[in-house]
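Only one structure is covered here, and it is reproduced in the block below.
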Amino acid sequence: MPEVLRAPLVVEFPFTRSLGPVQSAFLTGLRERVVLGVRTTDGRVLVPPVEYDPVTADELRDLVEVAPTGTVTTWAWNPHPRPGQPLATPFAWVLVRLDGADTSLLHVLDAPGPDSVRTGMRVRVRWAATRTGAITDIACFDPYGGAPAQPSGSTGEFADPVTGIVTPARLDYTYTPGRAQSAYLDALAEHRTVGERCPQCRKVYVPPRGACPTCGVATTEQVEVGPRGTVTTFCIVNIKARNLDIEVPYVYAHIALDGAGLALHGRIAGIPYDQVRMGLRVEPVWTEGARHPDHYRPTGEPDADYDTYRELL
Amino acid sequence: MTREIAVVAFAQTDHRRSTDDLSEVEMLMPVLHEVLDRTGLRTADIGFTCSGSSDYLAGRAFSFTLALDGVGAWPPISESHVEMDGAWALYEAWTKLLTGDADTALVYAYGKSSPGSLRDVLTRQLDPYYVAPLWPDSVALAALQAQALIDAHETDEPALAAVAARSRATDNPHAQLRGPVPHGDYVVRPLRTGDCPPIGDGAAAVILAAGDRARELCERPAWIRGIDHRIEPHSLGVRDLTDSPSTRLAAEKAGAFERPVDTAELHAPFTAQEIVLRKALRLDDTVRVNPSGGALAANPVMAAGLIRLGEAAAAIHRGEADRALAHATSGPCLQQNLVAVLEGDPR
Ligand SMILES: [Zn+2]
């Protein structure tokens with residue numbers, strides 16, 4: 001078996017979310033070093049607060065301040081902190097029922113080791129030095145030996161409330177293309193285009209994805225196609241894409257390589273953009289070190305007859 | 001009139017730590033062919049197709065559309081997808097068959113966890129306001145639940161290790177982790193490596209059929225007598241982590257408590273979760289629990305729940321079970337739960 005191709009793949013996105021009135025008050029409160037809960041219709045105080053009662057679905061708006069001290073209701077010792085987690089040294093995950101609350105908040109506890117943590121232990125919020133209106137405004141909890149702290153007397157109304165959050169997220173993957181696409185990429189490295197033929201309907205897929213979507217069977221027979229092909233359809237791009245060093249207008253086309261059962265797409269150059277036409281015969285142009293053709297240019301052959309590519313539109 | 005609907009065939013891959021030599025469709029396709037072969041059906045004979053998967057696992061956007069290539073979805077078929085475990089795809093297909101719109105359904109699910117870091121990937125399913133910014137990984141959340149059970153004296157570490165050992169004593173040839181497995185160090189205390197499911201890639205498929213069509217396609221159909229799914233409040237701190245009211249309610253609605261079952265396939269990725277589920281489902285020692293090894297033997301995410309339904313059905317097909325319960329879960333600490341009751345005709 002040939003060596004598996006691999007490449008790093010990073011999926012990175014900011015999670016941007018608007019906040020409702022209760023979440024806004026809670027996160028703004030954290031910025032101001034105040035912890036707010038919400039009172040349910042049956043009188044329980046939920047921390048962190050939600051906008052609808054998880055049992056009755058009643059709309060909840062009655063904000064109540066609770067103390068920054070509380071009791072651990074369950075915990076788990078994390079010996080190997082992972083990226084993004086609140087502390088870089090070993091810590092305990094904890095659910096904490098803050099004094100004045102009836103439910104628990106998930107966060108972390110900075111403690112010297114698992115032997116110093118137990119369910120029922122008392123803890124206190126350690127505020128982050130820089131606070132923006134996010135759950136991470138609580139840096140962590142610390143063990144705490146004192147009496148329940150008194151709430152500050154906040155009304156839950158703040159100047160300049162937080163109305164949204166942006167949570168960056170990044171996930172790292174190792175991309176492996178699988179059997180069919182690996183064979184395609186290996187051939188492309190030699191400037192050859194190799195598709196795969198369906199054993200049932202005989203169609204040649206370029207690039208191959210490993211299966212014929214019509215027949216639902218594996219495509220296995222490798223077939224070299226091109227290098228020349230026919231423009232089956234095209235468009236003229238007039239807006240410059242960011243990070244793309246190509247002058248507009250340019251032509252982007254579907255190109256049916258000779259022998260292929262469907263068209264792939266590529267840029268057409270070496271001809272004025274307004275002279276590109278359906279049926280134009282083209283060939284790939286490679287640049288040094290490239291992993292795929294830079295563009296396609298006219299071969300100078302007569303245009304292909306429409307009937308030769310009408311099924312490939 | 002309610003239609004009788006049965007699972008008539010089941011197939012799954014050999015689950016592996018990594019399938020980096022295969023794309024998702026290349027991994028899935030043999031399972032689709034196998035499950036169709038068991039019934040003699042071809043894609044064109046299938047009335048409805050439904051799949052479950054998640055793009056986040058392998059980081060490939062719209063990967064389920066590429067997976068459809070393996071079905072043979074052109075010309076267009078009647079098809080749907082859930083970004084959930086395939087057990088919920090089965091639920092959708094069951095509903096479709098109940099309406100009478102189709103007589104047969106193909107349900108499949110696949111997951112390639114190997115390209116990414118599964119523990120971190122799963123944090124992205126959590127509450128984005130209060131929880132996800134802390135990146136609490138899947139083992140950490142399961143460990144909080146395990147500690148709550150230990151505090152409540154419902155289990156202890158040796159009992160959890162026994163769940164792991166019993167699960168992996170399976171003779172299931174598809175299992176990723178079988179036989180004696182060291183219980184290992186703490187991953188997140190109190191959970192050790194042995195308490196956690198293996199991370200791996202795999203796929204599974206079942207075929208559903210209604211009424212006489214089911215009898216034609218399968219010698220002993222596994223009739224779905226009831227199926228239901230329920231969810232817990234989304235905030236972990238609101239829940240009693242030692243219990244699973246949603247599982248109990250789903251089981252009640254599915255008719256699980258009307259008569260005892262002889263076999264149960266539980267989707268408990270972490271040992272402590274089996275303790276919670278046994279209690280919620282009132283399973284005593286007379287019930288064979290997870291003869292397949294369950295998720296502790298193979299946990300291809302997004303397929304592992306469907307596999308529980310498939311394994312329960314296959315036990316009925318083989319005549320090893322007469323009335324089986326299958327359970328699937330999704331989310332942290334048994335957040336969402338599906339329960340199905342399957343029966344074979346009297347022998
Ligand atoms: Zn074909």
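How many residues does region A:284-293 contain that are free of Cβ contacts under 8 Å to residues at least 24 places away in the same chain and under 18 Å from A:THR230 (Cα atoms)?
Total satisfying the criteria: 1.
I'd like to know if region A:244-261 contains one or more residues that are buried (at least 17 other Cβ atoms within 10 Å of the Cβ), farther than 28 Å from B:ASP69 by Cβ, more than 16 Å from the ligand (Cβ to nearest atom) and in contact (Cβ under 8 Å) with a residue 24 or more places away in the chain.
Yes: region A:244-261 contains one or more residues that are buried (at least 17 other Cβ atoms within 10 Å of the Cβ), farther than 28 Å from B:ASP69 by Cβ, more than 16 Å from the ligand (Cβ to nearest atom) and in contact (Cβ under 8 Å) with a residue 24 or more places away in the chain.
Here are the criteria: (1) in contact with an Asp or Glu (Cβ under 8 Å, 6 or more places away or on another chain); (2) outside any loop (DSSP other than H, G, I, E, B); (3) surrounded by fewer than 17 Cβ atoms within 10 Å (Cβ to Cβ). Tell me which single one A:LEU171 does not satisfy.
(3)
Considering only region B:42-52, I want to know if a residue exists there that is surrounded by fewer than 19 Cβ atoms within 10 Å (Cβ to Cβ), touching a strand residue (DSSP E or B) at 6+ places or on another chain (Cβ under 7 Å) and outside the structural domain of B:ARG230 (by TED's automatic domain parsing).
Checking region B:42-52: at least one residue is surrounded by fewer than 19 Cβ atoms within 10 Å (Cβ to Cβ), touching a strand residue (DSSP E or B) at 6+ places or on another chain (Cβ under 7 Å) and outside the structural domain of B:ARG230 (by TED's automatic domain parsing).
Hey, among the residues in region A:184-211 that are in a strand (DSSP E or B) and more than 12 Å from the ligand (Cβ to nearest atom), which one's surrounded by the most Cβ atoms within 10 Å (Cβ to Cβ)?
Across region A:184-211, the extreme among qualifying residues is A:GLY195.
Residues that are under 20 Å from B:ALA340 (Cβ atoms): find the helices (runs of 4 or more DSSP H) completely inside region B:77-151 holding 3 or more of those.
On the way: elements: B:86-98, B:118-121, B:138-151.
Qualifying helices (runs of 4 or more DSSP H): B:86-98.
Condition check ((1) in contact with a Pro (Cβ under 8 Å, 6 or more places away or on another chain); (2) within 12 Å of chain A (Cβ to nearest Cβ); (3) under 20 Å from B:THR329 (Cα atoms); (4) without any contact (Cβ under 8 Å) to a residue 40 or more places away in the chain) across all residues:
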| residue | (1), (2), (3), (4) |
| --- | --- |
| B:GLU24 | no, yes, no, no |
| B:MET29 | no, yes, no, no |
| B:HIS33 | no, yes, no, yes |
| B:ALA61 | no, yes, no, yes |
| B:ILE77 | no, yes, no, yes |
| B:GLY86 | no, no, yes, no |
| B:TYR91 | no, no, yes, no |
| B:SER114 | no, yes, no, no |
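Looking only at residues in region A:212-225 that are near the ligand (Cβ under 9 Å from one of its atoms) and not in a loop (DSSP other than H, G, I, E, B), which one is farthest from the chain's Cα centre (by Cα)?
Selected residue: A:VAL217.
If you check B:ALA159, B:ALA132, which single one turns out to be at the interface with another protein chain (Cβ under 9 Å from one of its Cβ atoms) and of a type in the set (A, V, I, L, M, F, W, C)?
The match here is B:ALA132.
Restricting attention to region B:137-151, and to residues there that are of a type outside the set (A, V, I, L, M, F, W, C) and in contact (Cβ under 8 Å) with a residue 60 or more places away in the chain, which single residue is farthest from the other protein chains (Cβ to nearest Cβ)?
That would be B:SER138.
Among the numbered criteria (1) surrounded by 14 or more Cβ atoms within 10 Å (Cβ to Cβ); (2) within 11 Å of chain B (Cβ to nearest Cβ); (3) within 22 Å of A:ALA134 (Cβ to Cβ); (4) touching a residue at least 40 places away in the same chain (Cβ under 8 Å), which one does A:PRO49 miss?
(4)
Yes or no: A:THR287 surrounded by fewer than 18 Cβ atoms within 10 Å (Cβ to Cβ), modelled with pLDDT under 95, within 16 Å of the ligand (Cβ to nearest atom) and of a type in the set (S, T, N, Q)?
Taking the combined requirement at face value, the residue does not satisfy it.
So for region B:138-150 (the condition being at pLDDT 95 or above and either in the same structural domain as B:ALA11 (by TED's automatic domain parsing) or charged (D, E, K, R) (or both)), does at least one residue qualify?
no
Looking only at region A:144-168, count how many residues are loosely packed, with under 13 Cβ neighbours inside 10 Å, among the aliphatic types (A, V, I, L, M) and closer than 24 Å to A:GLN23 by Cα.
Looking only at that region, the number is 2.
Please pick out the residue among A:THR119, A:THR89, A:THR74 that is assigned by TED's automatic domain parsing to the domain that holds A:PRO143, part of a loop (DSSP other than H, G, I, E, B), without any contact (Cβ under 8 Å) to a residue 60 or more places away in the chain and closer than 23 Å to A:PRO148 by Cβ.
Among A:THR119, A:THR89, A:THR74, only A:THR119 is assigned by TED's automatic domain parsing to the domain that holds A:PRO143, part of a loop (DSSP other than H, G, I, E, B), without any contact (Cβ under 8 Å) to a residue 60 or more places away in the chain and closer than 23 Å to A:PRO148 by Cβ.
Of the residues that make up region A:158-167, is at least one closer than 18 Å to B:LEU68 by Cα and more than 12 Å from the ligand (Cβ to nearest atom)?
no
Quick one: which of A:GLN200, A:GLN181, A:GLN222 is away from chain B (no Cβ under 14 Å), of a type outside the set (D, E, K, R), within 22 Å of B:HIS33 (Cβ to Cβ) and in contact (Cβ under 8 Å) with a residue 12 or more places away in the chain?
On inspection, the qualifying residue turns out to be A:GLN222.
The values are calculated or read from the model by the stated rules, or taken from the named source; none is laboratory data. Because the structure is a prediction, the values reported are computed rather than measured. Cβ atoms come from the backbone with ideal geometry, glycine included; neighbour counts cover every protein chain shown.
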